[in-house]
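Participant: Quick one: the structure is below, and I'll ask about it shortly.
Just so it is clear, none of the values below were taken in a lab; they were calculated from the coordinates. Everything quoted here is computed from the prediction, not taken from an experiment. Here Cβ is always computed from backbone atoms with ideal geometry, including for glycine, and neighbour counts include all displayed protein chains.
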Amino acid sequence: MLSTPATLAISLFLIIPVAATISVTFSEPEGLFVPYSAFFDSAFQRTVLWRTFEVAAIATVVSVVFGLLTAYVVSRCPPWMKSVLIVLAVFPLLTGVVVRSFAWLIILGRNGILNNFLQWIGAIERPLSMLYTQTSVIVALIYIFVPLMILVLIGVLENIPDDLLQASSSLGASPTATFFQVVLPLAVPGLIVGAVLVFTASFTSYATPHLLGGSRQMMMGTFLHQRAMTSFDWVSASTVAAIMVVVIVTTVLVMTRLARRLNPMAS
Amino acid sequence: MATRIHPLLILMTIVVYIFLIGPLIIIFGASVSDTTFLAFPPQGLTLHWFENIWEISAFRRTIVTSFQVALLGTAMALLIGIPAAYALNRHRIQLPGWLSTLFVLPILIPEIVIGFSLLRSINVGLGVPVFFALLIGHTLLVLPYVIRVISASLASFDFSIEEAAISLGSRPVKTFFTIVLPNVRSGILAAFILAFITSINDVSVSLFLTGPGISTLPIQILAHVEQFFDPTIASVSVLLMMLTIIVMIIVERTLGLTAVTK
């Protein structure tokens, strides 16, 4: 009874509209899977999908590695320093994606800080064009998701009982061995949860690839917008949307199951 | 702590934090530069670009719209989210299992797909005005956060207090407002703040739900960057960062920041 309004809102404004979007892709008069074969027949569209996978995967792996190592150091810091470091990670996280992507426009632009600096030290003669490349999108996505990873993993690492680490070191394990043989296996389920968050958010991002990739480095999000609002081809846009939903839902289902299976504390 | 940290790891942590905070300082510097293009370090100092925000009517309008949508959307999400969170905690056994799955759907389904689908079905299909479609989109966007944060708060609430009040003759509705709600007010405040900041910063849901005269600040920023590469955007960004700082101070004063991040 009490949950009826929320249930109705999600059914009416989420499930039905999204289902309608997906069903449009299956009701073309030419045949059932025509929009999908059109999508996968086009080399350009295959490239967009593949690029989205690649960018999201690289951003995820780098964010996980740096997020884990940073979270490990932060969680071992004295309490006051830990609070400061947590606040310094929360601040960028609460600052919008547009603002944080925009920062990289100033840094990587033709007259940007990096080009000016490289010219000043004499490393290059003419400004490099660093914007609108795959790397610029990846760097900005890493920038956006590292704070999220740090905060998720601090929570995970703090849940590891201190006794375990003390037991490990008093039994003669070096800090490195303790990290790889005790901390890491216990952190795996949390790592997977964090990685899924970063991958799905990168895969479906719009603002970052729009600002830093432009039309040259189109990803699924920017491509969906271009199909719908520039080409006005809503069937094609709906196909892109449906592929995104399938990728995200599959990733989440497979990875949460994996996280549950790999949890050494569960059994 | 007993375990020693390798100096290289400490160095890496310092580099990571410079990487996290540096770009935001650069925006700050660029916002007060007196050049007509984005430059850092600033050549001369001026506050002209902050004045410029108010001179561009599109910014004035979208700032107002963003605040309206964030406040109304968050209020609506609280209105339907609090009873749902209460039901999930109080009557978990009687409720079907798929219900909690249903409430995470707005997070699972990509935001940009939600925005596009609302444009197709609600805005174009049913002719609902853009502003209301935008409001619906933002309510959906923040609903899962509201339900999750308030559920966490209710999880530590002792429902036997509520039962005691009812058995002493208090009506259930009155009990909810006088006993349950005051006990989860920090959860409601946390949910409000998280929802508000999520809504203000949103791009993907709003992207398709803008129309003539109606747009949100982040979408206007994207539109402005496409035409002008002047420091106005840097100064808008500084305003948004100040909003973030204000929010963080409120959270710190009322709940304690570390309590929220956990």
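Participant: How large, in Å, is chain A by the Kirkwood hydrodynamic radius built from its alpha-carbon pairs? Intermediate results must be reported in sequence, preceding the final value.
Facilitator: Working: mean 1/r = 0.0468 Å⁻¹.
After inverting the mean inverse Cα-Cα distance, the result is 21.4 Å.
Participant: Let me know the mean shielding of A:241-250 by other chains, meaning the per-residue number of their Cβ atoms within 10 Å of its Cβ. Walk me through the intermediate numbers first.
Facilitator: Details: counts 9, 1, 0, 5, 5, 0, 1, 4, 3, 0.
Mean partner-chain Cβ count within 10 Å for A:241-250: 3.
Participant: So, one more: Quote the relative contact order of chain B in percent (integer), defining contacts as alpha-carbon pairs under 8 Å separated by 6+ residues. List each step's numbers first, then the result.
Facilitator: Working: 278 pairs, mean separation 76.3, N = 262.
Here the relative contact order equals 29 percent.
Participant: Also: Using only Cα atoms, find the angle between the long axis of helix A:79-94 and the longest principal axis of chain A, and express it within 0 to 90 degrees, rounded to the nearest 10.
Facilitator: On a 0 to 90 degree scale, this one is about 10.
Participant: Follow-up. Just to be sure I understand the model, the point goes 7 Å from the Cα along the line to the Cβ. What's the resulting residue A:235 to residue A:88 distance in nm?
Facilitator: 5.5 nm
Participant: Which whole-Hz couplings ³J(HN,Hα) result when phi for each residue of region B:50-55 is put into the Karplus expression 6.51 cos²θ - 1.76 cosθ + 1.60, θ = phi - 60°, listed in order with x for Gly and Pro?
Facilitator: Whole-Hz 3J(HN,Hα) from phi for region B:50-55: 6, 5, 4, 4, 6, 6.
Participant: What does the net charge come to around residue B:192 if you take all other residues with beta carbon closer than 15 Å to its beta carbon, with K and R at +1 and D and E at -1?
Facilitator: On the way: positive: B:148, B:185, B:253; negative: none.
Net of charged neighbours comes to +3.
Participant: Could you tell me the relative contact order of region A:172-267? Use alpha-carbon pairs under 8 Å, at least six residues apart, and round to a whole percent. Each step should come with its number before you reach the end.
Facilitator: Working: 54 pairs, mean separation 36.5, N = 96.
Relative contact order of region A:172-267: 38 percent.
Participant: What is region A:35-261's relative contact order, in percent, from Cα pairs under 8 angstrom and six or more apart in sequence?
Facilitator: Details: 240 pairs, mean separation 66.5, N = 227.
Once normalised by length, the contact order is 29 percent.
Participant: Give me the one-decimal nm value for the distance between modelled label points at residue B:156 and residue A:46, 7 Å along each residue's Cα-to-Cβ direction.
Facilitator: 5.4 nm
Participant: In addition: Report, as an integer, the average count of C-beta atoms from other chains found within 10 Å of each Cβ along A:135-148. Working shown, then result.
Facilitator: Numbers: counts 0, 0, 0, 0, 1, 1, 0, 1, 4, 0, 0, 4, 3, 0.
Neighbouring Cβ atoms belonging to other protein chains average 1 per residue here.
Participant: Still on this structure: May I have the convex hull volume per residue, in Å³, for the Cα set of the protein assembly as shown? It would help to have the intermediate numbers written out before the result.
Facilitator: Details: hull volume 96.5 nm³, N = 529.
Expressed per residue, the convex hull around the Cα atoms of the protein assembly as shown is 182 Å³.
Participant: Net charge near residue B:221: determine it from the other residues with C-beta under 14 Å of the C-beta of residue B:221, scoring Lys and Arg +1 and Asp and Glu -1.
Facilitator: Working: positive: A:100, B:60, B:61; negative: B:202, B:226, B:230.
That works out to 0.
Participant: Tally Lys and Arg at +1 and Asp and Glu at -1 over the other residues with C-beta under 13 Å from the C-beta of residue A:223: what net charge comes out? Could you put the intermediate results ahead of the total?
Facilitator: Working: positive: A:46, A:51, A:216, A:227; negative: A:233.
That works out to +3.
Participant: Ok, one more. Given +1 on the Cβ of Lys and Arg, -1 on the Cβ of Asp and Glu, and no further charges, what dipole in debye does chain A carry about its Cα centre, rounded to the nearest 20?
Facilitator: 280 debye
Participant: I need the Debye-formula profile for region B:68-167: one equal scatterer per C-alpha, no solvent, reported as log10 I(q)/I(0) at q = 0.12, 0.15, 0.24 1/Å, two decimals.
Facilitator: Debye output, listed in q order: -0.48, -0.69, -1.24.
Participant: May I pose another question? Under a no-solvent Debye model with one identical scatterer per Cα of chain B, what's log10 I(q)/I(0) at q = 0.14 Å⁻¹?
Facilitator: Log-scaled intensity ratios, in q order: -1.09.
Participant: Let me ask something additional. In whole Å, what are the extents of region A:209-258 along the principal axes defined by its C-alpha atoms, from largest to smallest?
Facilitator: Computed over region A:209-258, the largest-to-smallest principal extents equal 39, 27, 10 Å.
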